[in-house]
Amino acid sequence: KTGTVTVRPLRAGEAEMMPVVLQSKAGVTQAEAEELLPEARRIAARHQNDAAVLAALAEAEFDADNDDEAIAAAERALAIDPQQINAYLQKGYALTRKVQDAKLPYSAWKDVRSWWVKANKVENDHPIPLVQYYLSFVEPGEKPTKAAIDGLVWAMQLAPFDSSVRWLVANQMILDDRYAEAAKVLAPLAYSPHPGEHTDQARRLLEEVEAKAKGSAAQPEESPSAG
């Protein structure tokens, strides 16, 4: 059921920051990020009490590879509005990259993981914390928990259009010998109406998975041994 929808005008800071937000969300190169950052900082300096503006600044800082500055801006945003989900995301991204770059110890993966849990509690049906929680096991080479895998599958259901999430789900199901389910997940990739560079790869993998699913289904169940 659709909940109550409320609409309000953008605050002055939000409106001023919107061109920066649009560019950040569309994706930027390193050079574009560095060019965009001064404008984000100027706007944030004028609206230091607007959590959405500070979260957008955190995103601009992260895009420019300034992890500590991104974390600081995100924390300022959350101090104003503890429900500001984009601030959670940007701090989580920055923490993750710091661990990946060995600027934080390997043990900090546990802190990264707990941060994505906090983000999920703020917005249960946001797919990014679910995906990142799963990746916080996979990237350091640890086996994801059932909760992490279930969360990843739910993220795909929330964002079925995201091919990268669908690939993650399919690969995990193959690892878990869930071939019939993997085939269902792969089918939209293999037969996409907008084929891309991975369409052929998905089709080949789908054929392999379907064959394994048929093979698993054809195997007779083991009879219980006599006592």
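Confirm whether Asp50 is at pLDDT 95 or above and touching a Gly at 6+ places or on another chain (Cβ under 7 Å). Yes; evaluated as a whole, the condition is true for this residue. Applying a threshold of 6 Å to beta carbon distances and a minimum spacing of six or more residues, or different chains, the list of pairs starting in segment 160-174 at a residue that is touching a residue at least 24 places away in the same chain (Cβ under 8 Å) and within 14 Å of Lys143 (Cα to Cα) and ending at one that is of a type outside the set (A, V, I, L, M, F, W, C) and open to solvent by less than 50 Å² (accessible area, probe 1.4 Å) is empty.
Of the candidates Leu89, Leu152, Leu135, the single residue that is of a type outside the set (Lys, Arg) and under 30 Å from Asp50 (Cβ atoms) is Leu89. Quickly run through segment 73-113 and pick out the residues that are within 15 Å of Tyr133 (Cα to Cα) and aromatic (Phe, Trp, Tyr). Those that are within 15 Å of Tyr133 (Cα to Cα) and aromatic (Phe, Trp, Tyr): Tyr88, Tyr93, Trp109.
Residues that are touching an Asp or Glu at 6+ places or on another chain (Cβ under 9 Å) and open to solvent by less than 30 Å² (accessible area, probe 1.4 Å) do occur in segment 135-146.
Residues in segment 66-83 that are among the charged types (D, E, K, R) and over 19 Å from Gln30 (Cβ atoms): Glu75, Arg76, Asp81.
Among the residues of segment 163-179, those that are exposed (fewer than 15 other Cβ atoms within 10 Å of the Cβ) and not polar (S, T, N, Q) comprise Leu175, Asp176, Asp177.
Being surrounded by 15 or more Cβ atoms within 10 Å (Cβ to Cβ), charged (D, E, K, R) and in a helix (DSSP H, G or I) is not true of Glu35.
A single member of Leu54, Leu78 is within 19 Å of Trp115 (Cβ to Cβ), buried (at least 18 other Cβ atoms within 10 Å of the Cβ) and touching a His at 6+ places or on another chain (Cβ under 9 Å), and it is Leu54. The residue pairs whose first member lies in segment 106-129 and is hydroxyl-bearing (Ser, Thr, Tyr), whose second member is modelled with pLDDT of 95 or more, and whose beta carbons are closer than 6 Å, counting only pairs six or more residues apart or on different chains, do not exist in this structure.
The values are calculated or read from the model by the stated rules, or taken from the named source; none is laboratory data. Computed from a predicted model, the values in this text were never measured in an experiment. A quick note on method: Cβ atoms are made from the backbone with ideal geometry, for glycine too, and the neighbour counts reach across all protein chains shown. Just so you know, the surface numbers come from the protein's heavy atoms only, side chains and all, with ligands and any DNA or RNA stripped out. Shrake-Rupley method; radii C 1.70, N 1.55, O 1.52, S 1.80 Å.
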